[in-house]
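Here the structure is laid out as structure tokens; the discussion comes afterwards.
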Amino acid sequence: MSPIETLAQSVAVICPTGAPVMTVPLVFAMAGDGAAVAFLLSTIGIVLVALNINQFARMSSSPGSLYTYIADHMHRRWGVLAGWALLIAYIGTAAAVSAGGANYANVILHDRFGMQIAPWLLTAVLSVFASYLAYRDVQISARLMLWLGAASVALISFIAFGVIVKHGWHPDMSQLALHGVTAEKLRLGLVLAIFSAVGFESATSLGAEARDPLTSIPRAVKWSAILAGVFFFLCAYAEVLGFHGEALALDKNPAPLHVLAGQLGLPPIVGTLTDLGAVLTFFSCFLACITAAARVLFLMSRHGALHSDLGQAHQENQTPHRAVLWSAVGAFLPAVVMTWRGISLFDIYGLLGTLATFGFVTAYILVCAAAPVYLRSLGRLTPQAIGISILAIFAMGAALLGNLYPVPPAPYSYLPYLYATLLLIGFAWSTIWSARVPSFPPDISADFSPLPNESD
């Protein structure tokens with residue numbers, strides 16, 4: 001994979017179109033006019049984490065992502081804990097964006113054809129097609145993710161800049177000065193704002209599949225975090241600005257970019273194109289998430305923390321095909337079950353997205369703690385590196401604790417307990433399994449070469 005395709009993997013998991021069409025309204029519902037500032041704060045925290053991750057990415061490449069970094073430089077059990085946190089994060093994100101894709105697919109069908117399709121069926125189509133691409137060839141997947149993301153981001157940026165120009169270049173002080181925004185509102189919005197940028201590190205899951213990985217992967221990690229943060233701040237600022245005075249509030253509108261495009265006098269087809277861009281970008285995010293999750297499953301299996309079947313690679317395609325299929329099924333089921341129970345697609349996106357954020361934040365805290373240990377082993381530990389590690393841990397810890405107390409309203413108040421339960425069950429399972437089954441030799445643990453007695 002070329003450097004630009006490697007960048008596409010991280011950008012796709014970030015799902016840049018998901019923020020303006022779904023996350024910004026949800027953050028606005030919690031933080032009000034502080035939505036743009038919430039995205040700015042989340043970007044600062046994410047960039048600090050990126051600096052810590054790149055301490056490893058510049059020196060090591062492995063398909064295990066942060067799991068490998070933590071397992072190699074802290075106790076192996078911390079690596080297993082991080083691995084399960086990442087699995088919850090990637091699979092939870094895939095499930096969340098499948099709901100987003102179904103939502104905007106039905107918006108298009110309703111506006112253009114006056115019909116809708118059962119959300120579970122749309123989710124199934126998305127899951128099957130994405131699974132096939134991830135199963136078949138990671139390079140094809142990356143190229144598709146790159147072009148889908150670039151087209152949708154360009155169109156949304158055009159609308160956002162148009163809104164800002166229409167309202168004049170003077171700053172909107174109600175947003176920047178946080179008028180009427182309390183610390184509690186900002187705190188609640190911050191967790192979902194962080195969800196917009198999580199996954200920026202997923203290029204590290206590609207390992208040697210990336211060309212010149214020790215250069216291209218660190219660049220992808222850094223620039224995906226920076227560029228996504230700028231884009232999200234721009235979108236949040238423009239959407240809150242554009243909805244001032246609208247009869248239907250930003251968080252109540254099912255297609256906010258339609259409204260903004262209409263304010264600019266653009267033809268209705270532009271709104272439809274933004275919806276189509278959202279569907280395609282949600283699809284590419286689902287694809288990137290199961291790609292990353294499969295590689296974490298693959299390497300955990302090869303380290304003996306999971307069943308050896310997940311550590312098998314397809315002889316012809318050279319992909320972790322079984323891990324891909326299990327990741328896709330794991331993402332499909334929760335979204336479908338929640339849909340059948342009558343939960344709205346927007347709520348599914350918000351709930352599963354928040355759950356996934358807990359997983360990402362856990363892994364980020366652990367990798368930031370591991371970075372100074374790693375640098376010390378190389379004799380390269382500096383006060384600056386210690387400071388960056390502490391600041392990143394503080395930023396992620398504050399976001400995590402901020403969603404625990406004061407207790408958020410239900411059903412969000414249940415999510416920390418659900419996350420802790422899933423994490424502990426996974427960790428206990430791997431602990432018991434690894435005690436029974438020895439890991440494979442280290443010389444075959446980090447690539448897609450066949451395992452001993454592999455038959456397919």
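The values are calculated or read from the model by the stated rules, or taken from the named source; none is laboratory data. No experiment lies behind these values; they were computed from the predicted model shown. As a convention, Cβ positions derive from the backbone with ideal geometry for all residues, glycine included, and neighbour counts pool all protein chains shown. Each accessible area value is taken on the protein alone, full model and side chains, heavy atoms only, with ligands, DNA and RNA left out. Shrake-Rupley method; radii C 1.70, N 1.55, O 1.52, S 1.80 Å.
R0 = 22 Å: FRET efficiency of residue 165 with residue 230, Cβ-based, nearest 0.05?
On the way: r = 17 Å, r/R0 = 0.80.
Using R0 = 22 Å, I get an efficiency of 0.80.
Per residue, how large is the accessible surface of region 268-424? Use a 1.4 angstrom probe and give square angstrom. Counting only protein heavy atoms, the per-residue value for region 268-424 is 39 Å². The apolar share of the surface of region 15-105, taken as the fraction of accessible area on carbon and sulfur atoms (1.4 Å probe, ligands and nucleic acids excluded), comes to 67 percent. Using just its DSSP H runs of length 4 or more, each adding -39500 (n - 2.57), the chain gives a mean residue ellipticity at 222 nm of -24500 deg cm²/dmol after division by all residues. Taken per residue, the accessible surface of region 1-101 reaches 22 Å², heavy atoms only and a 1.4 Å probe. Taking every alpha-carbon pair in region 217-301 and binning the separations at 5 Å intervals from zero gives 3, 11, 13, 19, 18, 12, 9, 7, 4, 2, 1 percent.
Protection proxy ranking, highest mean first, for peptides 324-334, 14-24: 14-24, 324-334, where packing is the per-residue count of other beta-carbon atoms within 10 Å, averaged.
Provide the packing ranking of 90-99, 116-125, 262-271, 28-37, i.e. peptides ordered by the mean count of other C-beta atoms within 10 Å per residue, highest first. Don't jump to the answer; show the numbers that get you there.
On the way: 90-99: 31.5, 116-125: 17.0, 262-271: 14.4, 28-37: 25.4.
Top of the packing list down: 90-99, 28-37, 116-125, 262-271.
Amide H contacts of residue 59 (H built 1.01 Å from N, in plane; Pro and chain starts excluded): no residue 5 or more places away or on another chain comes under 5 Å. Modelled label positions at residue 417 and residue 264, each set 7 Å beyond Cα in the direction of Cβ, lie 4.6 nm from each other. In a fully extended conformation the segment linking residue 151 and residue 179 would gain 6.6 nm over its present Cα-Cα distance, using 0.36 nm per residue.
Out of every Cα-Cα pair that the chain contains, those further apart than 29 angstrom amount to 43 percent. Treating r as the C-beta distance of residue 214 and residue 247 and R0 as 41 Å, the FRET efficiency rounds to 0.15. Leaving out ligands, DNA and RNA, and with a 1.4 Å probe, what % of the accessible surface on region 349-426 is carbon or sulfur? Here carbon and sulfur together make up 76 percent of the probe-accessible area. Can you classify region 11-128 as rounded, prolate or oblate using the Cα gyration tensor, where a ≥ b ≥ c are the square roots of its eigenvalues, rounded means a/c under 1.5, and otherwise it's prolate if a/b beats b/c and oblate if not? Judged from the Cα gyration tensor, region 11-128 comes out oblate (a/c at least 1.5, b/c at or above a/b). Charges were assigned to the Cβ only: +1 to each Lys and Arg, -1 to each Asp and Glu. The resulting dipole of region 253-352 about its Cα centre is roughly 200 debye. Remark on the chain: 235, 289, 368 stand apart, with no other cysteine beta carbon under 4.7 Å. Dipole size of the chain about its Cα centre, with +1 on Lys/Arg Cβ and -1 on Asp/Glu Cβ: approximately 600 debye, rounded to the nearest 20.
For the chain, hydrophobic long helices are taken as DSSP H runs at least 30 Å long by C-alpha position along their axis with mean Kyte-Doolittle hydropathy of -1.0 or more; these are 35-57, 76-113, 138-166, 213-242, 268-302, 345-378, 415-436. Here the spin labels are modelled as points 7 Å beyond Cα on the Cα-Cβ line, and at residue 158 and residue 325 they lie 4.2 nm apart.
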